[in-house]
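Trainee: I'd like to ask you about the structure that follows.
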Amino acid sequence: MNRIRVALLGLLMMFSLCVFSQQRPHFSQYIMNNFIINPAVAGIENYWDMKASHRIQWVGLQDAPVTTYVTIHGPFKKSAYGRETPTTFHPDGENPRGSSYWDEYTKAESHLGFGATFVNDKTGPLTTTNASASLAYHFGISPKTSMSIGLSFGFNQLTIDRDKLQFAQQGDPVLYSDISDNLFNKVNPDAAAGIWIYSSDFYIGLSAQQLLGNNISFYNPDSVAKRTTGPGILVPHYFATAGYRMFLSEDWTFLPSLTLRQVSPLPTGIDFNTKFQYKDLFWAGAGYRYQDGFMGMVGMNISNTLNIGYSYDVTTSQLNTVSKGTHEILIGLLIGNKYGDWCPRNLW
């Protein structure tokens, strides 16, 4: 991407941020960390779950998106619900998370969960930073099914680097020019909400991000663009997710899932994902993002405190002529894992 394209990209982001693109970054391994899109997941397990991810999108394309995030969530108070039998040990020939384990699965005890999220996304001249704290309440709705409701509040900061923009006329007044440096910052409050219904073999989630719909503008008040285009808006992003677990054998499980993503005025985005898991040791999967590309992923539970995942995306759009794909790595830490579970009980 040459400087002219970078300039065009920057202007589109400044002048039409709400109209032409999704404003939140994409992730491929969100199925390993649903908390990144739904605050109701906070505190769903009996330990603190910390995830760190780094995503390099469209390798080979200059100034393409690079996204890094860190999340952590857990219960306010630990309990022993469903955990009377530790699964730390892996007896030969026996799957500690086999069908008999799930036959004894019961709803979660009512409890509160807390979480925090930090996301940094950089694309050309535009950097977006989001930080938020989440609170969720979990309760049973049937003998084997639970529900949680979550809210998240924080801030969203957008920064544009004027040095990375090239204008047709030197000293073009389209941007504010009465500051000492070339970084333009806008900070707005942010809010999200979600619902999560989960059991031993399915989950359903609904969530919304950027609920406040704040105006955002970097215009110089005297510029023509200000008078003719108007301010941009941080539009809400809506997500609907669902997944199901089925046993192929005592050791192998198959986990298909679906995510719908709505960001007005774009058409509905659709992700199809599949995941095969062997015991509670490792997994491999694939996904398809409608009219965008394919994704493959692998991962492993290294111990009862550490897991790691990797995904590679191939785009099917015209970007594939210049892009060498997208890499994403995810590292997870299970903090205070009292019962030594090698894999989550409620997020699988």
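Trainee: Considering only residues that are farther than 24 Å from Phe272 by Cβ and of a type in the set (D, E, K, R), look in the range 31-58 and name the one that is farthest from the chain's Cα centre (by Cα).
Mentor: Applying the filter and picking the extreme gives Glu45.
Trainee: Considering only the range 260-278, state which residues are among the small types (Gly, Ala, Ser) and under 17 Å from the mean Cα position of the chain (by Cα). Full working, then the answer.
Mentor: In the first step, residues of the range 260-278 are kept if they are among the small types (Gly, Ala, Ser); the result is 264, 269.
Gly269, the sole residue that qualifies.
Trainee: Is it the case that some residue within the range 243-252 is at pLDDT 95 or above, closer than 18 Å to Asp292 by Cα, not in a loop (DSSP other than H, G, I, E, B) and not basic (Lys, Arg)?
Mentor: Scanning the range 243-252, I find no residue that is at pLDDT 95 or above, closer than 18 Å to Asp292 by Cα, not in a loop (DSSP other than H, G, I, E, B) and not basic (Lys, Arg), so the answer is no.
Trainee: Show the residue pairs meeting these rules: Cβ distance below 6 Å; 6+ apart or different chains; first residue within the range 110-125 and surrounded by 17 or more Cβ atoms within 10 Å (Cβ to Cβ); second residue of a type in the set (Asp, Glu) and assigned to a loop (DSSP other than H, G, I, E, B).
Mentor: Taking only residues 6 or more apart or on different chains, the pairs are Gly124/Asp63.
Trainee: Quick check, is Ser28 within 27 Å of Thr129 (Cα to Cα), at pLDDT below 95 and within 15 Å of the chain's Cα centre (by Cα)? Even if it seems obvious, please write down each step before you answer.
Mentor: Numbers: within 27 Å of Thr129 (Cα to Cα): yes; at pLDDT below 95: yes; within 15 Å of the chain's Cα centre (by Cα): yes.
So Ser28 fits the description; yes.
Trainee: Where the second residue is at pLDDT below 95 and among the hydrophobic types (A, V, I, L, M, F, W, C) and the first is at positive phi and buried (at least 17 other Cβ atoms within 10 Å of the Cβ) and lies in the range 193-218, which pairs have Cβ atoms under 6 Å and are six or more apart or on separate chains?
Mentor: Gln210/Leu234
The values are calculated or read from the model by the stated rules, or taken from the named source; none is laboratory data. This structure is a prediction, so every number in the text was calculated from the model and none was measured. Don't worry about glycine lacking a Cβ; one is built from the backbone with ideal geometry, like all the others, and counts go over all protein chains shown.
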